[in-house]
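Single-structure report; data block below.
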Amino acid sequence: MAVDPLIELHEVNKHFGELHVLQDINLTVGRGEVVVVIGPSGSGKSTLCRAINRLEPIESGTIRLDGQLLPDEGKPLARLRAEVGMVFQSFNLFAHKTVLQNVSLGQVKVRGRRKDEADRRSRELLDRVGLASQAPKYPAQLSGGQQQRVAIARALAMDPKVMLFDEPTSALDPEMINEVLEVMQQLAREGMTMVVVTHEMGFARSAANRVVFMADGRIVEDRSPEEFFTDPRSDRAKDFLSKIL
Ligand code: ADP
Ligand code: MG
């Protein structure tokens, strides 16, 4: 497959004090690709995600989004950030706004849409994640799985070029994990470019084009799921897989 790079990290480095949390990271994510990032706790997966939309500044190296270097600050950065949808472990919905308002807000504020236009788009997306009937409710009236699906709809409402998921199902009760993974599977099938940090190996096997395995701030393996799961090369990956599979 000819790679049409959407995200390109080149020799990215970052420290937290003494801790070298991202070490010479080189990573390209092609348009329409689904890359699953796995690795032990503390290996730098969240920091990597946060660096991609510059929630974390980096010290050296470059990050490009659709060919453009990430701007340092100001309006250009805000514009670029709007191209990157982010879904976290904690859903971060506004508690005092309805589901519909949660999905519409950013469209009006950041994308400059008219409110009726934003609401129409929100209803469309809520329908897509199976929550059309929940629009007038408040987040606290929804289950964790439903709240996370609202968070996904909210991110999609900005028409991002890429979606980053950082352990989107880790805070959910087991019976709610699948409803969120199914929405993500559907997105992947529709061709959305996705970077997904997850411990859900079933999702990695079925949806990922590539698995990136991180340990101690480095990318240790970057291969197809078939190769990675059947024949991990590094001792770190073998050790990790033996603990979770
Ligand atoms: P992962 O998501 O793989 O569990 P993180 O990227 O969250 O890893 O963290 C990598 C390492 O960086 C951990 O040791 C963590 O304690 C440390 N770390 C993360 N954020 C900060 C921060 N803001 N300040 C200092 N250390 C941090
Ligand atoms: Mg993390």
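A short reminder: the numbers here are calculations on the coordinates, not readings from a lab. Remember, it's a predicted structure, so these values are computed and weren't measured experimentally. We place every Cβ from the backbone using ideal geometry, glycine too, and count neighbours over all the protein chains shown.
In the structure shown, do any of 75/161; 161/243; 45/161 have a Cα-Cα gap over 23 Å, and if so which?
Going by Cα-Cα distance, 161/243 fall outside the 23 Å limit.
How fast does the chain diffuse by Stokes-Einstein, in µm²/s, taking the Kirkwood radius from C-alpha pairs at 20 °C and 1.002 mPa s?
It comes out at roughly 116 µm²/s.
Apply the a/c threshold of 1.5 to the C-alpha gyration tensor of region 72-177 and tell me whether it is rounded, prolate or oblate.
Verdict is oblate for region 72-177.
Let me know the charge dipole size of the chain about its Cα centre in debye, to the nearest 20, where only the beta-carbon of Lys, Arg (+1) and Asp, Glu (-1) is charged.
1000 debye
Sort out the exposed loop GluC sites (Glu not before Pro) in the chain (DSSP loop, at most 10 other Cβ within 10 Å) and tell me the longest stretch that has none.
It runs 74-189.
Where does region 126-185 land on Rg(C-alpha)/(2.2 N^0.38 Å)?
1.07
Quick one: Debye curve from the alpha-carbon atoms of region 1-86 only, equal weights, vacuum; give me log10 I(q)/I(0) at q = 0.16, 0.20, 0.25 Å⁻¹ to two decimals.
Result of the Debye calculation: -0.63, -0.98, -1.41.
Which value at 222 nm does the chain reach when only helices count, each DSSP H run of 4 or more adding -39,500 (n - 2.57), with the total divided by all residues and rounded to the nearest 500 deg cm²/dmol?
That calculation yields -11500 deg cm²/dmol at 222 nm.
Along the charge dipole of region 119-240, pointing to its positive end and built from +1/-1 on Cβ of Lys, Arg, Asp and Glu, which listed residue (168, 180, 133) has its Cα farthest out?
Towards the positive end, the residue furthest out is 133.
Regarding region 183-245, what's the average projected area of the Cα-atom convex hull, expressed in nm²?
Here the figure is 4.3 nm², rounded to one decimal.
So what are the ³J(HN,Hα) numbers for region 75-87, from phi and the Karplus equation (6.51, -1.76, 1.60; θ = phi - 60°), rounded to whole Hz, Gly and Pro as x?
4, x, 5, 4, 5, 5, 4, 5, 7, 10, x, 10, 10
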